[in-house]
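Accompanying notes for the structure given below.
The values are calculated or read from the model by the stated rules, or taken from the named source; none is laboratory data. Since the structure is predicted, the reported quantities are computational estimates derived from the model, not experimental observations. Counting neighbours? That spans all protein chains shown, and the Cβs are built from the backbone with ideal geometry, glycine included. Quick note on the areas: whole protein, heavy atoms, side chains included, nothing else; ligands and nucleic acids left out. Shrake-Rupley method; radii C 1.70, N 1.55, O 1.52, S 1.80 Å.
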Amino acid sequence: MTPETLLETLRKLQEPKGYYFNKDTEMTLALMNSLLENKKTYGYMSCPCRLASGEYEKDKDIICPCVYREADVRDYGACFCWLYVSKSWNEDKIEHQYVPERRPPEKVI
Amino acid sequence: MQNKVMLYALSTCIHCKNAKKYLEDNGVEYESLYVDKLEGDERKAVIEEIKKHNSACSFPTILLDGGERVIIGFKRDELKEALGI
């Protein structure tokens, strides 16, 4: 699978739910590539911006889309990676700010 | 004298890539480590070191002057100010 086909597959699933892909295509495709790399490395598409343990059970919360996405997109307009964003974020109606990590630190091993 | 810069990164992380590019584009010398490529005791030790400066252990974590100052995430303005770019 190429980063482009992964993006189009995910777009069909996620946009109807109100989660859009960052309009910065270069960044979005780089993240698609990282998701494919993680799939190869770990066997699942772990969040490219977080340290995976390599154990499925321990990484479940950060398998993309991660469980923190909903709150982050609600509060900041973007997920931690800036991969999934809200419509207003893509329309530059809200500031593109750093999204603080909300994953509990004890989960990082 | 230029600050000593240490960048803890993940090989797959876009904010890490962007931070590295920003430093390179501005001619800032830095050291970096891909924590996802480490294993065993070395990995544990590096995670502990990062947590001392950034309890969330998120990436990138950028240490200036051996941790005198810590910049969490790729924050262009903060880096610009701290490094006098």
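Within the range B:13-46, being in contact with a helix residue (DSSP H, G or I) (Cβ under 6 Å, 6 or more places away or on another chain), at the interface with chain A (Cβ under 9 Å from one of its Cβ atoms) and within 21 Å of B:G66 (Cβ to Cβ) holds for one residue alone: B:V35. Anything in the range B:57-81 that is within 11 Å of chain A (Cβ to nearest Cβ) and open to solvent by 10 Å² or more (accessible area, probe 1.4 Å)? List them, or say none. The answer is B:I72, B:F74, B:K75, B:R76, B:D77, B:E78. Scanning the range A:16-31 for residues that are touching a residue at least 60 places away in the same chain (Cβ under 8 Å), open to solvent by 40 Å² or more (accessible area, probe 1.4 Å) and either within 12 Å of B:I14 (Cα to Cα) or in contact with a Phe, Trp or Tyr (Cβ under 8 Å, 6 or more places away or on another chain) (or both) yields a single hit, A:Y20. Of the residues that make up the range A:85-96, is at least one assigned to a helix (DSSP H, G or I) and within 14 Å of chain B (Cβ to nearest Cβ)? Within the range A:85-96, not a single residue is assigned to a helix (DSSP H, G or I) and within 14 Å of chain B (Cβ to nearest Cβ). Going by the conditions given, is A:Y98 closer than 23 Å to B:I50 by Cβ and either in contact with a Lys or Arg (Cβ under 6 Å, 6 or more places away or on another chain) or loosely packed, with under 14 Cβ neighbours inside 10 Å (or both)? When the stated conditions are applied, A:Y98 passes them. If you filter the range B:26-56 down to residues that are free of Cβ contacts under 8 Å to residues at least 40 places away in the same chain and under 16 Å from B:E78 (Cβ atoms), you find that the one that is least open to solvent (accessible area, probe 1.4 Å) is B:N54. Cβ separations smaller than 6 Å between residues 6+ apart or across chains give the following pairs from the range A:32-58 residues that are in contact (Cβ under 8 Å) with a residue 12 or more places away in the chain and open to solvent by 10 Å² or more (accessible area, probe 1.4 Å) to residues that are outside any loop (DSSP other than H, G, I, E, B) and of a type in the set (D, E): A:S53/A:D59.
Residues of the range A:64-109 that are closer than 19 Å to B:C16 by Cα, among the β-branched types (V, I, T) and without any contact (Cβ under 8 Å) to a residue 40 or more places away in the chain: A:V99 alone.
Please verify whether the range A:64-77 includes one or more residues that are within 21 Å of B:R76 (Cα to Cα), open to solvent by less than 50 Å² (accessible area, probe 1.4 Å) and at pLDDT 95 or above. Yes, because at least one residue in the range A:64-77 is within 21 Å of B:R76 (Cα to Cα), open to solvent by less than 50 Å² (accessible area, probe 1.4 Å) and at pLDDT 95 or above.
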